[in-house]
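What follows is one structure encoded as structure tokens, with my remarks underneath.
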Amino acid sequence: PGRAALLWAAVLKAGPGAALSHETAAELHGLTRKPAPLIHVTVPAGRRVGPVPGLIVHRSARIAEARHPCQIPPRTRIEETVLDLADTARAFEEALGWACAACGGRLTTPQRIAEAISQRARLRYRTALQLALGDVTGGVHTILEYRYLRDVERPHGLPGAERQVRVVRGGRSEYRDVLYREYLVAVETDGRLAHAADGQWRDVRRDNAAAADGIVTLRYGWSDVISRPCGVAAEVGAVLARRGWPGSVRRCGPSCALPRP
């Protein structure tokens, strides 16, 4: 049987009111690119489903509210799917990553996720997610962008930037991750471990086009933002200062790698 038949079989085996959930619902919503090896289904609390190889059964007293009203095969709503995955995440950043992916992919909004959070009596990382969703509303679309904002920009006193700034060029839309518009400085964060060749040249062309507009582009990956946030802040601050920023980078704390004044 094909994938669709297997998913339908899982729902039917689980009984009335069941819905595909967690990684399987994420697959159907387009939140993940490849199917998980196990099929996840959520059933009403109190229901017992016998062991089935390849099937993971979750129970919820709110599955009727969490289930999407019309999509088939039956599945949890995208916001509920994000929170299910966040609740089982091994770390907060993984939990936030699901929210960033859903909002960045325009599958939902931070406001809808926040509303879904308010409907749950218990949720792992509740407070941290609620706070971080404000940054997602401000344009943070990836974990790396969140870490740049949290560990580089804010604690080192850099000016507030615009995020996910849309630029139309040749009839096509491009987005700048971070733009200090007043000083014509852009910061691009790249969370990919490796670029495909076409991705590398696309980024080069974008940076070149920005340079033609007078914008200096700084590009940072995981190792930069996670391992040396103070050094990144110093570099960004130096470029901003050369472009007219009157402020100065400050130390983020006693262990900051920046020299003492």
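The values are calculated or read from the model by the stated rules, or taken from the named source; none is laboratory data. Everything numeric here is computed off the predicted structure, so don't read it as measured data. With ideal geometry, Cβ positions are generated from the backbone for all residues, glycine too; neighbour counts draw on all protein chains shown. Accessible surface is based on the protein model in full, side chains and every heavy atom, while ligands, DNA and RNA are left aside. Shrake-Rupley method; radii C 1.70, N 1.55, O 1.52, S 1.80 Å.
For S60, the residues 5 or more places off, or on other chains, whose built amide H falls under 5 Å of its own are V43, A45. Counting only DSSP H runs of at least 4 residues, each contributing -39500 (n - 2.57), and dividing by the residue count of the chain, the helix-based mean residue ellipticity at 222 nm comes to -12000 deg cm²/dmol.
By accessible area, using a 1.4 Å probe on protein heavy atoms only, the chain has 55% of its surface on carbon and sulfur. Summing Cβ point charges (Lys, Arg +1; Asp, Glu -1) relative to the Cα centre of the chain gives a dipole of roughly 460 debye. What angle, in degrees between 0 and 90 and rounded to the nearest 10, separates the Cα long axis of helix 3-14 from the longest principal axis of the Cα atoms of the chain? Between helix and principal axis, roughly 60 degrees. Is the shape of region 1-82 best called rounded, prolate or oblate, per the rule: a/c under 1.5 gives rounded, else a/b larger than b/c gives prolate, else oblate, with a ≥ b ≥ c the square roots of the Cα gyration tensor eigenvalues? Cα axes put region 1-82 in the oblate bin. Ordering P246, A89, V187 by Cα displacement along the dipole of the chain toward the positive end leaves A89 in first place; charges were set at the Cβ atoms of Lys, Arg (+1) and Asp, Glu (-1). Relative to the longest principal axis of the Cα atoms of the chain, helix 126-137 runs at roughly 60 degrees. Candidates T24, A10, W222 compared by Cα position along the dipole of the chain: farthest toward the positive end lies A10, with charges placed on Cβ.
Remark: region 49-154 carries a charge dipole of roughly 340 debye about the Cα centre, counting +1 on each Lys and Arg Cβ and -1 on each Asp and Glu Cβ.
Maximal additional length on extending the F92-A257 stretch stands at 56.9 nm, based on 0.36 nm per residue less the C-alpha distance. Distance between the pseudo-spin-label points of S118 and S248 (7 Å out from Cα toward the beta carbon): 4.5 nm. Could you tell me which residue out of V178, L258, C103 lies farthest along the dipole of the chain toward its positive end? Charges go on the beta carbon: Lys and Arg +1, Asp and Glu -1, centred on the Cα centre. Positive-end residue among those listed: C103. Between 0 and 90 degrees, the angle of helix 78-87 with respect to the longest Cα principal axis of the chain falls at about 80 degrees. Computed over protein heavy atoms with a 1.4 Å probe, the accessible surface of the chain works out to 53 Å² per residue.
Think of each Lys and Arg Cβ as +1 and each Asp and Glu Cβ as -1; about the Cα centre, that makes the dipole of region 16-83 roughly 160 debye. If contacts are Cα pairs under 8 angstrom and at least 6 residues apart, what is the relative contact order of the chain in percent? Across the chain, relative contact order equals 12 percent.
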